[in-house]
Every structure is written in C-alpha cells, then in structure tokens.
Amino acid sequence: MIEEGHPLSEPDRRYWRRRVNRHVRKARRARTLLRWAGILAANVAIGAVLVVSFGSVARHFATSDEMAVREIVVEGTARTTPDAVRAALHEYLGRNVVELALDEVAAAATRDPWVKAASVKRILPGTLRVTVTERTPGALALVGGLVYVVDDGGFVMGPAGPDLPYDLPLLVGLDARQGKDREVTLARGVDLLMRLHAAFPTWTRGISEVDLSQRDRVVVTRLEGGPQILLDPDRIDRNLGAYLALKPTIARKVGDTSRIDLRWSQRISLLPAADISAPESD
C-alpha cells in the first residue's frame with residue numbers, strides 16, 4: 001500500500017495538462033474544419049449562381065435581336081467606296097455580332113478588288129467597324145483585247161474602267177503566254193517595273209508600254225516616243241544609268257536611234273533610225 005505523501009500516491013499534474021491540451025487542440029481543429037467547410041460550401045453556392053447567371057447572359061447575347069449587326073462602318077477607303085465594301089459584307093447584316101468570327105469578316109472584305117487587307121472591330125450592340133488597306137495600282141495589262149488593272153504585287157484587280165489610272169505603264173505581249181506561264185510573266189513584269197521605279201523613278205514614270213512577249217528581253221517604249229529600249233530581264237537596270245548619262249552625247253554624235261540595247265555587259269548597242277535595216281552598232 002502506498003502511503004499518503006508518497007510521490008505515487010496522486011497522479012502527476014503534468015500528465016493532466018497534456019491530456020487537456022490534446023482535447024483542446026482536437027476541438028480547435030474541428031472548429032477550423034467546420035469553418036472552412038462552411039466557406040467552401042458558400043463559395044460553391046456562389047460559383048453555381050455565377051455559372052447560371054453567366055449562362056443566362058451568354059444565351060442572351062447569343063440569341064438577342066439587340067446584338068444583330070445593323071450597321072457596318074468602313075474606314076480607310078480612297079479609290080474604292082464604303083458602299084462597295086459594305087456590299088461585299090452584306091451577308092453579315094442581321095447576324096449576331098458576338099458570334100461573328102472577325103477574321104472571316106476581314107477576309108470577306110477583300111472581295112472588293114481594291115481591298116488588300118482589312119481589320120474588323122465589334123462595337124456593341126450591333127456595329128462592325130471595318131478598316132481597309134487598299135491595293136496600289138502598279139500597271140495596266142493588255143490580255144485578250146481587254147485592259148486590266150494590276151496592283152504592285154501582280155494581283156489582277158479587274159478590267160480598267162473610265163475612272164482608273166491610265167497613266168500607268170501598259171504590259172503587252174501576254175497573249176503569247178498561256179495559263180500559269182501568263183500569270184508568272186505578268187507578275188514578273190510588275191516586279192520589273194517596281195525595281196525600275198526604285199532605281200530610276202523619274203525615268204520609269206515616262207514608260208508607255210512594256211513588251212514581255214520574248215523571254216530574253218524586256219522592250220520598253222517611252223511616252224515621248226524615241227527608240228525602243230531593250231532591257232535584260234535578269235538585270236533590269238543593267239547599263240541604264242550609263243545610257244541616261246550618255247543620252248545627250250548619243251543624240252549629238254549619232255542622231256536619232258530606233259533601238260537601244262542595254263542587255264550586254266558594259267556595252268550599249270545602238271541602231272540608228274536613218275538606216276533601220278543596218279546591223280546594230282556599239
């Protein structure tokens with residue numbers, strides 16, 4: 001029997017404290033879990049309400065007549081007109097502005113042959129704003145007896161009308177080519193003109209016709225008349241600078257010429273106009 005006052009006669013209070021602390025910690029954890037469970041449940045409920053609300057709003061935007069396209073505003077036109085661009089986009093009137101794919105609308109705007117590219121912006125509730133970049137005419141092309149306008153990239157924009165720029169160079173000789181070969185020749189002709197314009201802009205503006213019928217030469221006729229000028233298709237500016245510098249001397253010493261051939265390396269060949277049957281002279 002343990003006598004009163006012996007260290008083992010009563011429990012150690014330190015162990016009581018540990019057991020009490022464990023109970024307190026468990027109670028705190030339980031309260032914390034319940035609190036977070038309540039917060040989570042509340043968030044789930046709020047999220048469900050938001051999803052339902054968003055779905056209702058989305059259905060409203062997708063089906064409401066208020067979102068139908070009623071107006072198409074066109075900006076950036078100079079040679080074409082806003083009405084012409086709107087005509088290319090007529091099918092989008094009445095459709096839901098929110099559901100439209102803007103890149104599809106932009107592509108449709110290029111049905112106007114003057115429109116090279118377009119960007120589109122939605123303006124709620126029912127407006128499309130279309131900003132266009134127009135093509136730059138680079139030349140005229142004679143094909144099958146009809147004159148067509150070609151942009152500076154070789155794209156055929158359509159037949160030339162009465163209000164189109166007839167001061168552009170006319171590309172001829174294309175009827176000698178067929179199919180893909182004609183397309184390639186046309187694009188090459190425009191590219192040659194762009195390169196000439198970059199190197200000799202003033203002289204290029206005076207070109208009347210460019211004959212592309214032969215593969216080994218580009219034959220240029222000037223607005224003011226004068227000789228035919230034969231250029232190298234592979235090096236379109238070969239000898240041209242030297243010829244322009246020597247032109248007064250040629251006129252003084254040789255007189256009128258019917259042909260100037262610039263295709264040869266470091267050589268300019270002349271055919272005097274007085275004797276068109278004579279061989280070309282250097």
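Conditions tested, residue by residue: (1) surrounded by fewer than 13 Cβ atoms within 10 Å (Cβ to Cβ); (2) in a helix (DSSP H, G or I); (3) among the aliphatic types (A, V, I, L, M).
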{"residue": "VAL184", "(1), (2), (3)": "yes, yes, yes"}
{"residue": "LEU193", "(1), (2), (3)": "no, yes, yes"}
{"residue": "VAL220", "(1), (2), (3)": "no, no, yes"}
{"residue": "GLY226", "(1), (2), (3)": "no, no, no"}
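May I ask you to list the residues in the stretch 114-128 that are open to solvent by less than 50 Å² (accessible area, probe 1.4 Å) and farther than 16 Å from GLY94 by Cβ?
Taking the stretch 114-128 and keeping what is open to solvent by less than 50 Å² (accessible area, probe 1.4 Å), we get 114-115, 117-118, 120, 126-128.
Of everything in the stretch 114-128, those that are open to solvent by less than 50 Å² (accessible area, probe 1.4 Å) and farther than 16 Å from GLY94 by Cβ turn out to be TRP114, VAL115, ALA117, ALA118, VAL120.
Kindly indicate which of LEU142, LEU168 is open to solvent by 20 Å² or more (accessible area, probe 1.4 Å), part of a strand (DSSP E or B) and either over 30 Å from LEU100 (Cα atoms) or touching a residue at least 60 places away in the same chain (Cβ under 8 Å) (or both).
Details: LEU168 fails: part of a strand (DSSP E or B).
Just one listed residue meets the conditions, LEU142.
So ASP261 fits all but one of (1) among the charged types (D, E, K, R); (2) under 23 Å from VAL147 (Cβ atoms); (3) open to solvent by less than 70 Å² (accessible area, probe 1.4 Å); what number is the exception?
(2)
Which residue pairs have Cβ atoms closer than 7 Å, lie 6 or more positions apart in sequence or on different chains, and pair a first residue in the stretch 190-202 that is free of Cβ contacts under 8 Å to residues at least 24 places away in the same chain with a second residue that is assigned to a helix (DSSP H, G or I)?
Listed pairs, sorted by first residue: HIS197/THR204.
List pairs: first in the stretch 204-218 and closer than 18 Å to VAL143 by Cα, second among the hydroxyl-bearing types (Ser, Thr, Tyr), Cβ under 7 Å, 6+ apart or cross-chain?
Short answer, once both residue conditions are applied: SER208/THR221; GLU209/THR221; LEU212/THR185.
If we scan the stretch 184-195, do we find a residue that is of a type in the set (Asp, Glu) and within 28 Å of the chain's Cα centre (by Cα)? First the steps, then the outcome.
Initially, the stretch 184-195 is screened for residues of a type in the set (Asp, Glu), giving 191.
Okay, now just the ones that are also within 28 Å of the chain's Cα centre (by Cα), so 191.
Yes - at least one qualifying residue is present in the stretch 184-195.
May I ask you to verify whether ALA108 is assigned to a helix (DSSP H, G or I), open to solvent by less than 60 Å² (accessible area, probe 1.4 Å) and at pLDDT below 95? Break it down stepwise before answering.
Working: assigned to a helix (DSSP H, G or I): yes; open to solvent by less than 60 Å² (accessible area, probe 1.4 Å): yes; at pLDDT below 95: no.
Criteria not met by ALA108.
List the number of the failed condition for ALA160; all other conditions in (1) small (Gly, Ala, Ser); (2) over 25 Å from the mean Cα position of the chain (by Cα); (3) modelled with pLDDT under 90 hold.
(2)
The values are calculated or read from the model by the stated rules, or taken from the named source; none is laboratory data. Bear in mind that the values here come from a model prediction, so they are computed numbers and not experimental data. For neighbour counting, all protein chains shown are included, and Cβ atoms are generated from backbone atoms with ideal geometry for every residue, glycine included. Accessible surface is based on the protein model in full, side chains and every heavy atom, while ligands, DNA and RNA are left aside. Shrake-Rupley method; radii C 1.70, N 1.55, O 1.52, S 1.80 Å.
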